[in-house]
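These notes concern the structure reproduced below.
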Amino acid sequence: MPSPTGPDPYELANQAAQAIRERFGIDGIDVSFTLGSGWAAASDDLGEEIGSCPLGDLPGFSAPVVIGHGGLLRIVRTASGKTAAVLTGRTHYYEGRGVAPVVHGVRTAIAAGATTVVLTNGCGGLKLDRPAGTVVLMRDHINLTGANPLVGARFIDMTEGYSKRLRDLARTVDPGLPEGVYAQFHGPSFETPSEVLMAGVLGADLVGMSTGLETIAARELGAEVLGLSLVTNLAAGISPTPLHHEEVLEAGAAAAPRLRSLLAGIAAAL
Ligand code: HPA
C-alpha cells in the first residue's frame, strides 16, 4: 500500500529480505532473534555462523544510536538445523524516526520467511521479588506509546500476542521462568514513579521502551512471538536509587552467561 509519508514499508522489507538471501546465499530464514539491552552477548551461542553484516548495509535499516545497542545482522544455523537471523540491535521509537523503522527488522525477517520471532529486551521491574538479573517471559503487553505500526483498517487479533506454545517451549529449557506483562512507554526518559505506579495498576509487571510495537507488526504477518525481558533494574520509585543507563548495561553484563545459555537452549529447541 503506498504511504503518504514514505516508501511502502512492506515493500522495503521485501527488498531487505531479498538482499539477505542474495548476500548470504540462503533460500530464506526460519526464525529471528532481536537482541535488546543486555542480550547481545547471547548472539555468539545461537548457532554456527553463516555470515554477518552491519544492519545499516541493508535496505531500510540505519545505524544504531545507543551505546550498548549493537547493529549487526548475523545469519546462523541453529543446533536444530534452522536458519536464524540474529539482529544485535534495534531502532527504538524514541529515536524519532517514526514507527515504520522500529518494526522494519521484524517485517524483514518475516518477509525472508521467519515464522518465529524472538524479541528480547532489558526493562525495569515492578516486583521486589524479581530483582535485576531476573528473566521474565512476556505474557502480554500494554502499548502506552500512542503509536501503532499498522496503518488503515488492519484489525488484527492480539489475544495471544505472545505465543503460549513458545512460552511453554522456553520453560522446557528453564522451568523456573516467570511470566509478566510489559508496558511499553515512549521514552527516552525513564518513567516517573507515578507512571510506574500507573503501569502497575493497569496490570504491568515490567516497563520498557521496545518490543510491543514489533510484536504487533509480527502478529499482523502471522509470525509467532516469544518475548523475553531481562529485568536490568527495579523501576523508578520501586528502586531506592535513581536510574542510570550504565546500571542497565552493567546488569546486562552480569546476566550475560545466563542469557547466553538460556537463549542457546531456546534456539536449539525451536
Ligand atoms: N524503564 C524503561 N526502560 C528500561 C528500564 C526502565 O526502568 N530499564 C531498562 N530499560
Quiz item: When segment 117-130 is examined, which residues are found to be in a strand (DSSP E or B) and either within 16 Å of the ligand (Cβ to nearest atom) or surrounded by fewer than 24 Cβ atoms within 10 Å (Cβ to Cβ) (or both)?
Solution: Leu119, Thr120, Asn121, Gly122, Cys123, Gly124, Gly125
Quiz prompt | Complete set of residues in segment 219-243 that are within 14 Å of the ligand (Cβ to nearest atom), buried (at least 20 other Cβ atoms within 10 Å of the Cβ) and over 25 Å from Arg260 (Cβ atoms) | solution = Ala235, Ala236
Practice problem: Give the residues of segment 13-33 that are surrounded by fewer than 24 Cβ atoms within 10 Å (Cβ to Cβ), outside any helix (DSSP H, G or I) and touching a residue at least 40 places away in the same chain (Cβ under 8 Å), sorted by residue number. | Solution: Ile26, Asp27, Gly28, Asp30
Quiz item: Using beta carbons and a limit of 6 Å, which pairs, at least six apart or on different chains, have the first residue in segment 212-223 and over 14 Å from Val102 (Cβ atoms) and touching a residue at least 40 places away in the same chain (Cβ under 8 Å) and the second one of a type outside the set (D, E, K, R) and in a helix (DSSP H, G or I)?
Solution: Leu221/Ile110; Ala223/Ile110
Quiz prompt | Unique match (being closer than 24 Å to Asp44 by Cα, touching a residue at least 24 places away in the same chain (Cβ under 8 Å), assigned to a loop (DSSP other than H, G, I, E, B) and touching an Asp or Glu at 6+ places or on another chain (Cβ under 8 Å)) among Gly105, Gly113 | solution = Gly113
Quiz item: When you go through (1) under 29 Å from Ala109 (Cα atoms); (2) aliphatic (A, V, I, L, M); (3) near the ligand (Cβ under 9 Å from one of its atoms) one by one for Val196, which number turns out not to apply?
Solution: (1)
Practice problem: Restrict the check to segment 81-98 and report whether at least one residue is more than 14 Å from the chain's Cα centre (by Cα), of a type in the set (Asp, Glu) and away from the ligand (no atom under 16 Å from the Cβ). | Solution: no
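Readers should treat all values here as calculations from the given coordinates under stated rules, not as data from a laboratory. Computed from a predicted model, the values in this text were never measured in an experiment. Methodologically, a virtual Cβ is constructed for each residue, glycine included, from the backbone with ideal geometry; neighbour enumeration extends over all protein chains shown.
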